[in-house]
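S.K.: If you scroll down you'll find the structure; I have some questions about it.
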Amino acid sequence: MPELPEIEAWRRALDEPVSASPILKAGPAHVATLKTFDPPLAVLEGRKLAGAERRAKRLLFPTEDGELVVLVHLMTAGRLKFLRSGEPGPKAPAFRLVFQDGSQLVLTEAGSKKRAGVWLLTPEEAEVELAHLGPDALHLGAERLGEILASESRRLHSLLRDQRVIAGIGRAWANEILHHAQLSPFALSRELEPDEVERLALAIDAELTRGLELRERGANDKRTYRVHNKLGEPCYLCGTPLARVDYEEHTVYYCPQCQTGGRVLKDRRLSRLLR
Ligand SMILES: [Zn+2]
C-alpha cells in the first residue's frame, strides 16, 4: 500500500495540473469505487479544483468555490494518473474527471477487487470522514511523539502503523523507520528512554523525507527501500543479513545486530501460538 511518501509525491505532481482547467465531465465511476451518491458527480461540472491536498494516505481535491471536496483513498492497488489532452488512457477507469482543456484525471485499480474509494463531500463531511486520523507523521517532533508513546503501551511497529495514533505510516516505512532509529519492532512504547524517543522522531522525518525525495524522482520499491522486503540482504549499516519475523498480520523486516542486540525475534502470529 502506498504510504505518506508515495501519496505526498503524487499530491505534489497533481496539485498544479488538476487546477489548470475547469471540470467538463465528472464520471463515470465504478459502482464499487464511488462511495457517495448525493450530490451526484455531475455537480462538479463547470467547477474548478483548487489543487491537491493530502491527509494521511488520502488525497483531497477541494473545489475552488469551497463547496465540495473529492476525497480519494487509493488503498493497495489504486493509482491516479493525470493525462494531458490527447494522451491515451485506460478504457474503463474506476473513476474519471475530464477537464475543459481535454486533460483527464483517471483512477485505475489493478486486479478485480475494487477497494479504492472516491467520495464527493462537503468540507464539513470530509472533516468528519477524516476525524479518526491521528496527527500527520511528517514533522511530528519528539515532544508530540513522546506524548503519543506514553499514552498507551504498544509494540513500536504496531503503534507506528496505527492511523488513529500517527497518520501516514504503513508496514514498509515502519520497517525503514525502526531500522534507522535502531529500535526493536517489538520494543514497548512506554519503555523508551528520552534519547530513544528523540532518535525515533528524527528517524520518522529522515526516512519519510528520504522516501518522498526518491518517489518524486520516480524511484521504484527496490531502490527506495533499504530494509523492507530485503530478507537476507546485508544491513546497510553493519552488513548483518536482514531478518524477518511474522507479527500480527504483517511481516516485519529488521537487522538483528542494529535493532535487537543480536537477538532473533520469534514469530508472534496467532496461528503459530495455536499450533
Ligand atoms: Zn545492521
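The values are calculated or read from the model by the stated rules, or taken from the named source; none is laboratory data. Because the structure is predicted, anything quoted here is derived from the model rather than measured. Every residue, glycine among them, receives a Cβ derived from its backbone with ideal geometry; neighbour counts consider all protein chains shown.
S.K.: Using the structure shown, decide if HIS228 is under 13 Å from PRO5 (Cβ atoms) and touching a strand residue (DSSP E or B) at 6+ places or on another chain (Cβ under 8 Å).
M.R.: Considered against the rule, which asks whether it is under 13 Å from PRO5 (Cβ atoms) and touching a strand residue (DSSP E or B) at 6+ places or on another chain (Cβ under 8 Å), HIS228 comes out as yes.
S.K.: Can you name the number of the only condition in (1) surrounded by 14 or more Cβ atoms within 10 Å (Cβ to Cβ); (2) away from the ligand (no atom under 13 Å from the Cβ); (3) touching a residue at least 40 places away in the same chain (Cβ under 8 Å); (4) closer than 30 Å to HIS132 by Cα that LEU265 fails?
M.R.: (4)
S.K.: Still on this structure: Can you go through LEU145, LEU159, LEU133 and tell me which one is more than 22 Å from ARG210 (Cα to Cα) and touching a residue at least 24 places away in the same chain (Cβ under 8 Å)?
M.R.: Sole residue among the options that is more than 22 Å from ARG210 (Cα to Cα) and touching a residue at least 24 places away in the same chain (Cβ under 8 Å): LEU133.
S.K.: Then there's this: Do the conditions hold for ARG190, that is, is it in contact (Cβ under 8 Å) with a residue 12 or more places away in the chain, under 16 Å from LEU160 (Cβ atoms) and basic (Lys, Arg)?
M.R.: The answer is yes for ARG190.
S.K.: Shifting gears a bit: Sort out which residues of the stretch 200-214 are touching a helix residue (DSSP H, G or I) at 6+ places or on another chain (Cβ under 7 Å) and either modelled with pLDDT under 95 or surrounded by fewer than 23 Cβ atoms within 10 Å (Cβ to Cβ) (or both), and write them in order of number.
M.R.: ALA201, ALA203, ALA206, LEU212, LEU214
S.K.: Looking at the stretch 200-248, which of its residues are within 15 Å of the ligand (Cβ to nearest atom) and among the basic types (Lys, Arg)?
M.R.: ARG226, LYS230, ARG244
S.K.: Condition first: farther than 13 Å from GLU216 by Cβ and assigned to a helix (DSSP H, G or I). Now tell me which residues in the stretch 5-45 satisfy that.
M.R.: Those that are farther than 13 Å from GLU216 by Cβ and assigned to a helix (DSSP H, G or I): PRO17, VAL18, SER19, LEU41, ALA42, VAL43, LEU44.
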